[in-house]
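S.K.: Mind looking over this structure? Questions follow.
What follows is calculated from the coordinates using simple rules that are stated; it is not laboratory data. These figures come from a predicted structure and were not determined experimentally. Here Cβ is always computed from backbone atoms with ideal geometry, including for glycine, and neighbour counts include all displayed protein chains.
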């Protein structure tokens, strides 16, 4: 469950008792009250600590626009972080001021924000996808990789997939709490029906064995554990792709089986890409890009692809038209007319 927010970054100072540990507790409580994910919680706590330490352990209530900009500038200049990392740090600090300190920020619009560069997504060809899938040497992850490409799910959406959200009759998968905390529906590829049935049969046997050990519960989102006190041990709520061993929940302290580690998936996919001789930079998210592009290449309506991906605006989906073989508007090059 531990996530390193920034590679090569300073580790949180466990002996730090300066700027008020109570403030950090309030921040953590507020994040949990608003149902932020554990990773977001860890990231926000990290950046607020960094912000406080950067300014000599001054209390954030004593600081404002100038201090925020100085910190963000140091990240960009001294640390050379990506725009997305700088944006995450700013989001953490603004959450602290608005949600914990309850301070109005009239200077918010004046804070200089890093501009995120617009880059085209990396897309694999169909033969490259086939070679990648064939090179995955982990049977557990091999099925998940096929599912990611076949549905367009993000790696964490696949890792967090619950048994109850796989509908074999309707041939669809319900993606819960995707990006922006939105649910959506995507297709269940016909070629994965039988492999998933076999997977769930094995998963049920594993779950029954976990129950016999007294560790058959699973994490439930928000207040569902209170509303449905026995739901956490039912098979429907279990993860389709479980972790290989038990772990301790960092919030509740309960020992149980979590979902598969996404970093394990990422490492396996990168290893498979090298084995397949793919020179492009490949990650599990590349499969999502390839899913969208290949659908558009096959003539699928862009609005349908938008819904399957869960994009709020079709303009986000439009980026995939720029990596089609025939150009952004399916325009034929004049060279090919000669």
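S.K.: Normalised by the number of residues in the stretch 148-200, what is the relative contact order in percent for Cα pairs under 8 Å and 6+ residues apart? Could you put the intermediate results ahead of the total?
M.R.: Details: 54 pairs, mean separation 16.7, N = 53.
Reported as a whole number, the value is 31 percent.
S.K.: Which value in deg cm²/dmol, rounded to the nearest 500, describes the helix-derived mean residue ellipticity at 222 nm for the chain, given -39,500 (n - 2.57) per DSSP H run of n ≥ 4 and division by the residue count?
M.R.: The helix-only estimate for the chain comes to -13500 deg cm²/dmol at 222 nm.
S.K.: In whole percent, what relative contact order does the chain give with Cα contacts below 8 Å and a gap of six or more residues?
M.R.: With pairs under 8 Å counted, the relative contact order is 17 percent.
S.K.: Sorted by average packing, counted as other Cβ atoms within 10 angstrom per residue and highest first, what order do 131-138, 248-255 take? Provide the component values of the computation, followed by the final result.
M.R.: Details: 131-138: 17.0, 248-255: 11.9.
Result, highest mean Cβ count within 10 Å first: 131-138, 248-255.
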